[in-house]
Amino acid sequence: MATLADFRFEKATWCPGCGDFSVLAALQQVCVRMGLEPEDVCCVSGIGCSGKISQHFGSYGFHTLHGRSLPTAQGIKMANQDLTVIAAGGDGDGYGIGMGHFIHACRRNVDITYIVMDNHIYGLTTGQASPTSKKGFKTKTSPTGVAEEPVKPLELAIVAGASFVAQAFSGELKQMQRIIEEGMKHKGFSLINVFSPCVTFNRVNTYEWFKENIVNLDEEEGYDKHNKAKALQRIGETDSVCTGILYQEDRPAFHEAVLGATDRGTVKLPLEIPQAEMQSLMDQFRR
Ligand SMILES: Cc1ncc(C[n+]2csc(CCOP(=O)(O)OP(=O)(O)O)c2C)c(N)n1
Ligand code: SF4
């Protein structure tokens, strides 16, 4: 049985206090709690400080291109459904350059878990505005304040068809662990947006700011995570500054819809290359 030490790899180089440490710790603890072995899991990450998570998490890993964790992770899952596949990255990675993939992953419902470490800024490139930066937020790229409305990943995911949408906070480790575990157990695409403060470049959305502003919908009496319209309304009322499992629905994951299979066995991809056809294609290309 694997221990926490088995899921550790290389000392993390994040700034002391970075919210991403808690996300890594929560993921490691959940994997141990679920009885997973490192070889059962693949962590696919994009580019950014948060993208380094695949280097520090002791499982199979793939540190892929900026904004491309989701297509890579979905491909890995479809080729080997026995793997537990985690995609991870930042708000810039997922909701900026990776936005197209995000929307399609939500509607496709491949059985993977997507963890976005959302610090409302580009950390790795030293502090530019990101798609989730609040209006008026001053950065190097927005010296007079961000003029655009922020992207709303929770609402976008629900409307695009995601079957599990949650939000956690790096300052609330226990709740984050429970949410990650539920997301990993969920059959289909799970989005877990984590408020993960950048202590170096974001001096506005700090741990204190999140503690003062977060509304915990997990604890709100009468909140129904299965009611799409009400979930959208309540998330909007909190200006998306809420935590909990916000929306969940039971519908077939992509492999079930496509293969009509309910078992999670490995898909046999036809990887053999028909030599005669390949030769004919190459001959046509040479002409
Ligand atoms: C194609 C491409 N464009 C731009 C970059 C530069 N770049 C690297 S990370 C990054 C954004 C990082 O911000 P975020 O995804 O929020 O992650 P964080 O560092 O805050 O964890 C950018 C723009 C790149 N590596 N590749
Ligand atoms: S720059 Fe920000 S996001 Fe990057 S490691 Fe430091 S605190 Fe974390």
Unique residue being crowded, with 19+ Cβ neighbours inside 10 Å, modelled with pLDDT of 95 or more and either away from ligand 2 (no atom under 16 Å from the Cβ) or under 21 Å from residue 105 (Cβ atoms) (or both) when the list is 54, 22
54
Please state which one of 181, 212 is free of Cβ contacts under 8 Å to residues at least 40 places away in the same chain and assigned to a helix (DSSP H, G or I).
212
When every residue in region 23-48 that is under 25 Å from residue 97 (Cβ atoms) and out of contact with any Phe, Trp or Tyr (no Cβ under 9 Å at 6 or more places or on another chain) is compared, the one farthest from ligand 1 (Cβ to nearest atom) is 23
Could you check region 1-10 and list, in sequence order, the residues that are in a loop (DSSP other than H, G, I, E, B), without any contact (Cβ under 8 Å) to a residue 40 or more places away in the chain and surrounded by fewer than 18 Cβ atoms within 10 Å (Cβ to Cβ)?
1, 3
Only one residue in 112, 76, 53 is more than 10 Å from ligand 1 (Cβ to nearest atom) and within 12 Å of the chain's Cα centre (by Cα). Which one?
112
Any residue in region 123-135 that's over 16 Å from residue 99 (Cβ atoms): show its pairings with residues that are polar (S, T, N, Q) and surrounded by fewer than 16 Cβ atoms within 10 Å (Cβ to Cβ) at Cβ separation under 6 Å, as long as the two are six or more apart or on different chains.
128/141
Suppose we filter region 160-215 for residues that are touching a strand residue (DSSP E or B) at 6+ places or on another chain (Cβ under 7 Å), under 21 Å from residue 150 (Cα atoms) and away from ligand 2 (no atom under 16 Å from the Cβ); how many remain?
9
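The values are calculated or read from the model by the stated rules, or taken from the named source; none is laboratory data. Computed from a predicted model, the values in this text were never measured in an experiment. We place every Cβ from the backbone using ideal geometry, glycine too, and count neighbours over all the protein chains shown.
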